[in-house]
1. Could you say which residue among ARG218, ARG170 is modelled with pLDDT of 90 or more and closer than 23 Å to GLY249 by Cα?
2. Only one of LEU159, LEU180, LEU185 is under 20 Å from the mean Cα position of the chain (by Cα), closer than 19 Å to ALA257 by Cβ and touching a residue at least 60 places away in the same chain (Cβ under 8 Å); which?
3. I'd like to check which strands (runs of 3 or more DSSP E) are fully inside segment 131-209 and have at least 1 residues that are open to solvent by 20 Å² or more (accessible area, probe 1.4 Å) and among the aliphatic types (A, V, I, L, M).
4. Assess whether VAL258 counts as being modelled with pLDDT under 95, in contact with a helix residue (DSSP H, G or I) (Cβ under 6 Å, 6 or more places away or on another chain) and outside any helix (DSSP H, G or I).
5. Between a first residue in segment 338-361 that is modelled with pLDDT under 90 and a second residue that is among the small types (Gly, Ala, Ser) and surrounded by 19 or more Cβ atoms within 10 Å (Cβ to Cβ), which pairs have beta carbons less than 6 Å apart while being 6 or more apart in sequence or on different chains?
6. Mind listing just one residue for me: the one in segment 211-259 that is aromatic (Phe, Trp, Tyr) and in contact (Cβ under 8 Å) with a residue 60 or more places away in the chain and, of those, nearest to VAL369 (Cα to Cα)?
7. Does any residue of segment 314-331 turn out to be modelled with pLDDT under 90 and assigned to a loop (DSSP other than H, G, I, E, B)?
8. Considering SER308, SER250, SER268, which residue is part of a helix (DSSP H, G or I), open to solvent by 10 Å² or more (accessible area, probe 1.4 Å) and under 30 Å from PHE104 (Cα atoms)?
Amino acid sequence: MLGWLLAVCAVVLVILVWPGNTYFGTDSQADLGMSQQPSRSAAERWRVSDRGTDGGRAVSSDGGTAAVRLVCKPSALANYLLQHCRTFSEYSPCVGWTWRTSGFLQSVYEACWPYDSPVQFVRDNLQLSDDGLVALDWAVPSYQKRRRTSSHSTSPVLLIIPNSFGKITRNVLKLCEAALSLGYLPAVFNRRSHNGTPLTTLKLQQFGDPGDLREAVRYIRYRQPAGRLYAVSESTGSGLLLSYLGECGSSSYVTAAVCLSPVFRCQSWFENGLCWPIQWALVLYQKMCLSRYRTVLGQTVHTDTLFSCGSLRGLEEALFCQSAHKGTALVAATGTSSSNNSSGVWDAYWERNEPLRDVDEVAIPVLSVCAHDDPIRGDTQSTLPLELFETNPHFFLLLTGRGGHCGFSTQCDGSSVGAVGSATGVSSGIGRSGISWSHRALLEFFRATTDFFAAEERAKQLAARRRGLGGGSGGRVFRHRSVSTCKRVPACSHNIHAIYNWQRSYTR
């Protein structure tokens, strides 16, 4: 019901408020220099041009304008991606008089429209060190009789982190379907109280606190020790993934990561707010999810303040900035202002939760796929940290002219699954209607980065043999570890065997 109501509000807003040229996609995109180019060979498709910044690089097709640009720092990996990721240059957004040209409608469609997915999920409830619960939903084809995957499987694991509101969108379901068809083992991470995960403690997960995700990753490595681990985040869920990669550094266990329509500057995103239909829908959805735990949350937060909030910032402050509530009570009692105290608590909260706080510690390739007309993220110039992509060799930005928020509709959404190389060399055939462009791009990015590091490792072993040092043993160790793991992994803070036995008893 909420989805249909949001869809109606979106249509009314577009028709009454938005100019016709914005809705029908006839506006010029000169600011990104984007236009459609005829199909060309891979050798002719890409050209690298300087952006006028130190170390910055923008990539466009045919030496002119393109529907998508890759912004990154020049490096060997960047050159390898340009040569082997053909999907990057094959984005052809819809044009003409169709709703798919509107970034707003694309975003609403992906967030609210139901999707009849052939994928089923097997849940593992994971007990954490503080007795809290998170859930891992393992995607399996509906026709598969065996519900569990062997721990000796070498299939790569794709860890999917949905948005911070916990809603499983059609984008996540389609990504699971695409990953299964190419030999991955998709697992969806559910935070405390999200998607039916029981809330067993008074603690909710803060926006950028990677503690729960760190324990979930350790469990995945324990369950699938022979497979590589990749990570994908959607929307505001990218804040959690970037926080985890920054805090763990080279010990993240992750080979490569992708952020789909991420929100980077999250404090200002909460403070500036969204347009009223989107903000109203998100606030309502979050209140509906929290209302189930209203009684128990009353022990730690002021539920009257929480459920009377009308903004995302108000909800975040009510849940995690307790001093702000005490200050509010002080205003009512004494008439004095506590705005400075509230502001200080809010700033301190984001010092601990801002996704880019430890961005210099990220040690693996991270691809961000963004659209210029994203209505959730906001203005491109103020919300995208372009300097990060131009100076940090680990970060890559695919910036499209159109696509909305996790939409990226194309003229040929029904393309075949064979356009992307399988991770294991086999395909389950589950992809019924092809893979969307953003999913093809991220899966191709994973394949290319893996091949690049494998080639680099072979080159190092060959050089070591030529020097007479021997490189055989290093290769055997490398195959069983993340390419980014360079230092000792910290010891697990709890008994992983006890957790494994516990979750088996409570798995549904």
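1. ARG218
2. LEU159
3. 185-190
4. Taking the combined requirement at face value, the residue does not satisfy it.
5. Correct list of pairs: SER338/GLY327; ASN341/GLY327; SER342/ALA324; SER342/GLY327.
6. Selected residue: TYR230.
7. Yes, some residue in segment 314-331 is modelled with pLDDT under 90 and assigned to a loop (DSSP other than H, G, I, E, B).
8. Being part of a helix (DSSP H, G or I), open to solvent by 10 Å² or more (accessible area, probe 1.4 Å) and under 30 Å from PHE104 (Cα atoms) holds for just one of SER308, SER250, SER268, which is SER268.
The values are calculated or read from the model by the stated rules, or taken from the named source; none is laboratory data. The structure presented is a predicted model; accordingly, all values stated were derived computationally and were not measured. Glycine gets a Cβ as well: all are built from the backbone with ideal geometry, and neighbour counts include every protein chain shown. These area figures cover heavy atoms from the full protein model, side chains too; ligands, DNA and RNA do not enter into them. Shrake-Rupley method; radii C 1.70, N 1.55, O 1.52, S 1.80 Å.
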